[in-house]
Amino acid sequence: MKNIIEQLKKGILSATPVLNSSLVSAKTWKRAQYIILSEIISDQLSKSPFLQGAKKNELGTTISSTTLQRIFTNDYSNSENSDLRFLKTLDKLAIFIGFPSLNHFLSNSAITIEMEEFNPLTMNKDEKILLVFEKLITSYCQEEFNSLLKLPEVDLGNLSHFIFENGPLTQRIHDLISQIAQLGHLLNNNNNRSNFELYDFNICSLDDHLAVVTVKEFWNLEFRDDYGTFCNAYNHVNKQTYFIKKQNNVWKIWDNHNPDYKTIINDMTENMKKNKKNPV
């Protein structure tokens, strides 16, 4: 995470609006400089083509001077690093320096993996380390898929084997499945009508206790009601970022950044309304 933040800070300091401001003449930044930076970022985000519509409503266009000061002085806690609110801040900073999202920034930035800080006894090659995280994320996605198969019951099954029960991801999955259940949807898996695929795994940052891994995900889900009548289809591909923590010598997923999370239920609700008007 530290490497990611350092890369974002470099991008901010070299951004044209910053270079054209009074900030370049300040040898030491104090509260006044962070207030100016906050205003510059807010102004640019409000005009960014990458921050419009639903995404603008979700993220907002402001970052407080206090948050910026904590980022630039490295005064942020480990818990904050994986907090969804902090990830949204990083998302906005990536947009400010010209990327469509944090995921695009991670994909296109040369972020160094700190291998010297990672010293597991049984893994000393990049390929083996990546394989462990691939298996963890794949197992998590399969268990989430299994939970969808249990609809209308809301049952997370063995998800706690792969994600922290007290982490923010656990609550979001529970909320998502609960909302799908409320729509009256059942997942149709006959003849493999519903499936998912993961590919292009990449380690963006790695140290003793935190790994940041990106992966492209394709989810193809077909939902029907109790009578087997078609209700909804969700077909989507995007790139997601996983934040994997090591606690008590065990790696589990703490959180993930799905740029389309907020739109899933909205899209399904809209599709259901259309299908009611034009039944299959």
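I need Glu217, Glu153 ordered by Cβ neighbour count within 10 Å, fewest first. So the residues, fewest neighbours to most, are Glu153, Glu217. Considering only alpha-carbon pairs that sit under 8 angstrom and 6 or more positions apart, the relative contact order computed for region 115-277 is 20 percent. Within the listed set Trp219, Trp251, Trp29, the residue fluctuating most in the Gaussian network model of the chain (springs between alpha-carbon atoms under 10 angstrom) is Trp29. Taking amide hydrogens as placed 1.01 Å from N in the peptide plane, the amide H of Leu151 sits under 5 Å from those of Leu187, each at least 5 positions away in sequence or on another chain. Here the Gaussian network model covers the chain, with springs between Cα atoms less than 10 Å apart; of Ile63, Ile71, Ile244, Ile71 fluctuates the most.
When Asp260, Asp155 are sorted by how many other C-beta atoms sit within 10 angstrom of their C-beta, beginning with the fewest, the order is Asp155, Asp260. Peptide packing for 179-188, 206-215, 53-62 was compared via the average number of neighbouring C-beta atoms within 10 Å per residue; ordered from the highest value, the list is 206-215, 179-188, 53-62.
Distance distribution note for region 115-277: the fraction of Cα pairs above 26 angstrom is 31%. Under a 5 Å amide H cut-off, with hydrogens placed 1.01 Å from N, Ile63 pairs with Ser42 among residues at least 5 apart or on other chains.
Note on region 115-277: dipole from Cβ charges, positive end direction compared against Pro168, Ile244, Val154; the farthest Cα belongs to Val154. Hydropathy first: keep DSSP H helices in the chain averaging at least -1.0 on Kyte-Doolittle, then drop any whose Cα extent along the axis falls short of 20 Å, and list what survives. Length and hydropathy pass: 31-47, 126-149, 168-182.
Laboratory data are not the source of any read-out in this text; all were calculated from the coordinates shown. Given the structure is predicted, the values throughout are model-derived calculations rather than measurements. Counting neighbours? That spans all protein chains shown, and the Cβs are built from the backbone with ideal geometry, glycine included.
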